[in-house]
Amino acid sequence: MTQVRRKRRPLIDLVLIGIIVSLTTVILFIVLSKDTFKFQKTNAESTKNISTESSTFPGIRIVTDVANDKQTPLAIHYPQTESSAFNEEVLQYINTSKENYLNTMKKKKNENGELNISLETYSHRKQYYSFILTKSEYTGGANHNVSTKTFFFNSKSGKQVDMRTLLQNDENNLTTLAAHVRSELKQNPKLKDTLLEEQLLKSTEPKWANFERFALTDDSLILYFDEYEIASGAAGSPTVELSLSFINPILAADFQIAMEEMGNTIVTEQKKANDPNTKRIALTFDDGPHPTVTEQVLNTLQKYNAKATFFMLGNRVQYYPNIAKDVLTRGHEIGNHSWSHPVLTKLPNEQIVKEYSTTANALKNAIGQDATVFRPPYGATNKLVNAQIPIPVVMWSIDTMDWKYRNAQQLLPHIQNSLHNNAIVLMHDIHQSTADGLDAVLSYLQGQGYEFVTVSEIMQYR
Ligand code: ZN
């Protein structure tokens, strides 16, 4: 018996130890999981309005931070890249903006504020990203403030890049850029009556700090100025857009357009123009310029190295002179499409002349030159109308009916249905669907061997 007891004791001890260990584990688990639960809960509370989504740009996510608090509402959008160091920089700006806003509002208990930070993204050669954060802050009373902050990111190195890198860290290049920017601002008809001369000179002095807010697209450099910085409030936040080919000599190699590339394009263009067997087509875009649709059309045309003709309305040119200028700078032909889009055949002669000449003046102001061709609205013209117009009147041979269908998938079929050599195609650069369907059109026509030329050029072969 005693022997059996002796053998059993360590077994009982083992069981007891086992029970104690498991009890301790259970208690520890409860305590720890309680802590974890607590931590997760507070974390969730502070981030409950933050969401992150992927974007059309590879490797770039968009963070949205929204709070619908009655006194301190906010809506913030900012980018998130694969580089934590870069994200940290962006977050620092966001958090400082948020803190300043919330602190200011804390002191104004009876007033409601609003903070909005919107995000715009541009890419350059699918490697460099420009993030433009526009902050609009209202802190009660008359305290409304709009400002721009930009971040420029090299997705290959994961690093932020500044204007010094862009201009090869060369003070002479900075001086050249400053001069271009100043002259563009002075020539901008939109800023004509609002520019503040002294502040303009100060803000465009060749100092690196003056040119920190910029964005780079595939073909232009955009510089940002704040509200009231160089012009009175009526001008809003002015921007300057310089085409990269224009500032090519001062750019660092990574951002330059290769000279060989430029040369080759010219040579091939000349060869094809002289070849009688070339298939040609003239794409035309009426009723613009439009601030976003025209730009998208221009980018798609550039992708295929295609030239086109834009028949503009005078009353839109006066609102978007920079877009009109961009059309010209990027090598397209500019047409006059009247001032207000009336049926010209129903107007007295002096009204027809006025529709033409006011638009001619608006174009001269915006792009420094006249239109080379005219297209009557609705194609409504006759000998009497034509007699009032001093430049060639150009109609079309393929109507895409894009204004009616407003469907990106319908654009190409409408052209295919009546496709012929030396055709002039009618489209409108005021419909998003037209801009969206254009890539398919260019891709197909290029595949069929067509050259994309302006209407003045195609008229020689018709
Ligand atoms: Zn029209």
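Just so it is clear, none of the values below were taken in a lab; they were calculated from the coordinates. Because the structure is a prediction, the values reported are computed rather than measured. So basically every Cβ, Gly included, is an ideal-geometry build from the backbone, and we count neighbours across all protein chains shown.
Summing Cβ point charges (Lys, Arg +1; Asp, Glu -1) relative to the Cα centre of the chain gives a dipole of roughly 2100 debye. Amide H contacts for Met312 (H built 1.01 Å from N in the peptide plane; partners 5 or more residues away or on another chain; cut-off under 5 Å): Gly335, Asn336, His337.
Can you give the extra length, in nm with one decimal, that the chain gains between Gln71 and Gln187 once fully stretched, where that is 0.36 nm per residue apart less the Cα-Cα distance? Walk me through the numbers on the way to the answer.
Numbers: separation 116, 0.36 × 116 = 41.76 nm, distance 4.29 nm.
Between Gln71 and Gln187, full extension yields an extra 37.5 nm.
Assigning unit charges at the beta carbon (Lys, Arg +1; Asp, Glu -1) and nothing else, what dipole magnitude in debye, to the nearest 20, does the range 320-409 show about its Cα centre?
That gives a dipole near 100 debye.
With a Förster radius of 56 Å, plug the Cβ-Cβ distance of Asn365 and Val21 into 1/(1 + (r/R0)^6) and report the FRET value to the nearest 0.05. Given R0 = 56 Å and the Cβ-Cβ separation, E is 0.05. So for the chain, taking the charge dipole from beta-carbon charges (+1 Lys/Arg, -1 Asp/Glu), which of Ile20, Leu412, Gln460 sits furthest toward the positive end? Result: Ile20. Rounded to the nearest 5, what % of DSSP beta bridges with both residues in the chain are antiparallel? Beta bridges within the chain, antiparallel portion: roughly 65 percent.
Helix-only mean residue ellipticity at 222 nm, the chain, DSSP H runs n ≥ 4 weighted -39,500 (n - 2.57), per residue, nearest 500. What is it?
-13500 deg cm²/dmol
Over the range 376-462, what is the relative contact order in percent, taking alpha-carbon pairs closer than 8 angstrom and at least six residues apart?
Rounded, it is 28 percent for the range 376-462.
Once the Cα atoms are used to define both axes, helix 259-274 deviates from the longest principal axis of the chain by about 40 degrees. Shape index of the chain: Rg/Rh, with Rg the Cα radius of gyration and Rh the Kirkwood radius from the inverse mean 1/r over Cα pairs, equals 1.17.
Ranked highest first by average number of other Cβ atoms within 10 Å, how do 302-308, 446-452 line up?
On the way: 302-308: 17.4, 446-452: 14.7.
In decreasing order of mean packing, 302-308, 446-452 become 302-308, 446-452.
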